Amino acid sequence: MKLSNQAMGTLMMTLQKCLMDQSDITEMLQQLEFDVQSEELVVLNPPILRFPGAPGKTKPEEEPLMPREEDM
């Protein structure tokens with residue numbers, strides 16, 4: 001079994017979010033939920049990264065999650 005591209009992207013986004021927030025990554029990693037699809041590990045609840053003052057900012061409930069592997 002290996003990580004899917006989506007799972008690798010999720011881990012990288014989680015690291016980036018923790019660096020930006022100066023928070024402990026282990027807490028966020030413990031909250032991630034995984035599933036196996038096509039013999040690859042995918043993340044069911046990737047974190048949402050928000051940038052203050054970003055143009056075209058949507059309401060939090062409208063923000064898309066990180067794209068899933070099958071959406072690409």
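Within the stretch 53-72, the set of residues being closer than 18 Å to ASN5 by Cα and either part of a loop (DSSP other than H, G, I, E, B) or at pLDDT 70 or above (or both) comprises PRO64, LEU65, MET66, PRO67, ARG68, MET72. The number of residues in the stretch 1-28 being loosely packed, with under 13 Cβ neighbours inside 10 Å, touching a Leu at 6+ places or on another chain (Cβ under 9 Å) and at pLDDT 90 or above comes to 1. Counting the residues of the stretch 27-39 that are more than 21 Å from LYS2 (Cβ to Cβ) and touching a helix residue (DSSP H, G or I) at 6+ places or on another chain (Cβ under 9 Å) gives 2. Among the residues of the stretch 10-52, those that are touching a residue at least 40 places away in the same chain (Cβ under 8 Å) and either in a loop (DSSP other than H, G, I, E, B) or in contact with a strand residue (DSSP E or B) (Cβ under 9 Å, 6 or more places away or on another chain) (or both) comprise THR10, LEU41, PRO46.
The values are calculated or read from the model by the stated rules, or taken from the named source; none is laboratory data. Because the structure is a prediction, the values reported are computed rather than measured. Glycine gets a Cβ as well: all are built from the backbone with ideal geometry, and neighbour counts include every protein chain shown.
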